[in-house]
Structures are given as structure tokens and as C-alpha cells.
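Please treat every number below as a calculation from the coordinates, not as lab data. The structure displayed is predicted, hence computed values, not measured ones. Every residue, glycine among them, receives a Cβ derived from its backbone with ideal geometry; neighbour counts consider all protein chains shown.
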Ligand SMILES: Nc1ncnc2c1ncn2[C@@H]1O[C@H](COP(=O)(O)OP(=O)(O)OP(=O)(O)O)[C@@H](O)[C@H]1O
Ligand SMILES: [Mg+2]
């Protein structure tokens, strides 16, 4: 059992890394608590969605209620309402540019890093609106880990990559850090390959190993939810197979939301699938249903390769 992380009074220390570039997380967002949200159209289905969501909260860990996202004047996510149950894997599929990554990044507010972003509606995670201005972003991102399309280990040792989050949250005791690093590398199915070389640079690992290291790093802050944006798209079939096996093993313990362009992958590893098109959620159901008897003709056209 890993020691519980403390997140109090850490906001000022929080730093975020994109690739190998460190970006201080002090970017502001025009969210619904800001004045210019009055420009955002109110949706008449909102109160209905809120009521439905409240009833479902006990089993839904993520609940979008008429959620929209704009980049400047560009509407990227259009009035999406969906509930993601706790546990299991939810796949998000859809043609390029349909808002999959934007929606995924909204869940832990990674879009805050993009200037002129604003949102409408609500996104409730574990009962809290993540766009509430009182939200503690450090705590939010501790609970919601993210794995990106391209493996992005920090230019540090393997050990320091995994220990990064715990250290940020105040862990200094070497024995406890050793324990966390070992547990997370085992969970990410990487321990056997790196246990003799924890002090080597993470950049010396293969792409597939780097991606598993990024998963270990995400697990080290003990998240409840793992967001994965096309985590296998830069990997060969063998490394992809390993990540898929890992996702299936991790879904027992974590709620996983994965964006993928690979239909077979969605069918193999996910329990539920959401089909997005032009920023809208077109259909969301059990994966088996989506891939055998989709209700919407657009979904059928997409999964049979007739568009997208
Ligand atoms: N940083 C940004 N600034 C402005 N517009 C953006 C930004 N990121 C995405 N968009 C726009 O938002 C829309 C949705 O993009 P998004 O990246 O979410 O799509 P996607 O479904 O993930 O596509 P892909 O499958 O190609 O990754 C697109 O029209 C895109 O051009
Ligand atoms: Mg994307």
C-alpha cells in the first residue's frame, strides 16, 4: 500500500511538463465563474442533465453536463453530456479534429494551458465541478493522471521520473520513495526491465518503455482516473500489445478514459465507447453494441470506414 499523498499548500510549487519543456502552471482560463461566460449560450436541457447526473453520481466518476469548449471563437466541444462509470475503460473515437483530445484534456483542465480557452456547462469529477474557481488544480491533477500520444519522460533518471510527483507532494524519505517507485514500475509492467538501471536516463529507454514509464509516473501520485490520448500511436505492434495488456490490468483499479483512432484497439480493450463527430457526442454505449449494432447511422459509417 502506498502512503497517502498530501496536497495542502502546494499550489505555488506546482509545475507542469509538456514534453521536455517545463511550464509553470499559472495560466488562467476564462471559465464559467468569470464574467465573460455570460456570452456562452445557456442550454435549456441543462437542468435536466444536472438532475440526471445527480442521480447517477454514485456510480459515475465523471459527468459532463452540456459541456462545451471554445478556443477563441472556435467551438471544439459542443454541448456534450455523458457519464463515465467508475472503473473500466471508456474509449473515445471519432474523426480527426472532432474534439476528442479537447474533451479529454478538459477533464483535468490541461486546456487551461492554451490561451483564450473558455468552457460552458459543467464537468463533474468525483462530485466536484472541475471548473469551479475554488478547485485546487494540484489536487485535481493528482487524482487525474494523463498519458500523452508521444512518450514524454522528463530528462531525468528513471527513478526521478517516477519519484517526481511524490517529491512534489512532499515525500523526501528515500525508503518510502524506493517503495513507491518499485510499486509503480511493477504496476506499469516495467520493473523487470529497468530494476538494475534506475539511475539511467529515461531518455535511453525505447519508445514503448518510455510510455510505460510515463504510465508509472502517472500512477505515482495515486490517481483515481487515468486519461490517455492515443498512447500507442507512436509505438510498434509489440509495444502496443504491452500497453494494451497493461490498460486491461489497470482497469481493475483505475477508471481509464482513452482516445484512440484504432478501432480494433477500442474493441479489444474498452468496456464503453463514445463516438464524437464535429465536437458533438453522437453515440455512447457498451463497446460491444457500438461495434455490432450502433444506433446512429453516422457511428455505423465511421466504424465501417465509410467516413473519417
Ligand atoms: N490549441 C488549439 N487552439 C485552437 N484550436 C484548437 C487547438 N487545439 C485544437 N483545436 C481545434 O479544436 C478542434 C478539435 O481538436 P482536437 O485536437 O480536440 O481534435 P481530435 O479529435 O483530438 O483530433 P485528432 O484525432 O486529429 O487528434 C479542431 O478543429 C482543432 O483545430
Ligand atoms: Mg487528438
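What share of Cα pairs, in percent, lie more than 21 angstrom apart in region 86-208?
Tail of P(r) above 21 Å: 53 percent of Cα pairs.
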Exercise. Any idea how far apart residue 135 and residue 167 come out in nm if each label point goes 7 Å out from Cα toward Cβ?
Worked result: 2.8
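Assuming a viscosity of 0.890 mPa s and a temperature of 25 °C, what translational diffusion coefficient in µm² per second does Stokes-Einstein assign to region 180-224, Rh being the Kirkwood radius over Cα pairs?
It comes out at roughly 235 µm²/s.
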For this session: Would you mind listing how long region 56-157 runs along its three principal axes, going by Cα atoms, in whole Å with the largest first?
Result: 43, 34, 31
Exercise. Could you give the distance between the Cα centres of region 193-251 and region 114-174, to the whole Å?
Worked result: 17
Exercise. With the calculation restricted to Cα positions, what are the radius of gyration and Dmax of region 195-262 in angstrom?
Worked result: 12.3, 36
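Note down the Stokes-Einstein diffusion coefficient of region 97-153 in µm²/s, whole number, using a Kirkwood radius over alpha carbon pairs, 20 °C, and 1.002 mPa s.
173
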Seminar exercise, completed: Kirkwood radius from Cα pairs of region 146-198 plugged into Stokes-Einstein at 25 °C, 0.890 mPa s, gives D in µm²/s equal to 210
For this session: Would you mind giving the average projected area, over all directions, of the Cα convex hull of region 117-182 in nm² with one decimal?
Result: 6.6
Problem set entry | Estimated Rh, region 240-308: Kirkwood, alpha-carbon pairs, angstrom | 12.7
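With 10 angstrom as the radius, rank 191, 70 by how many other C-beta atoms surround their C-beta, starting from the fewest. Before the final figure, lay out the partial values.
Numbers: 191 17, 70 20.
Going from sparsest to densest Cβ surroundings: 191, 70.
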Seminar exercise, completed: On the formula 1/(1 + (r/R0)^6), with r taken between the Cβ atoms of residue 203 and residue 296 and R0 of 35 Å, the FRET efficiency rounded to 0.05 is 0.20
Seminar exercise, completed: So for region 156-308, using the alpha carbon gyration tensor with a ≥ b ≥ c as root eigenvalues (a/c under 1.5 gives rounded; past that, a/b versus b/c decides prolate or oblate), I'd call it prolate
Exercise. What nm distance separates the two modelled labels at residue 116 and residue 307, each placed 7 Å from Cα along Cα→Cβ?
Worked result: 2.8
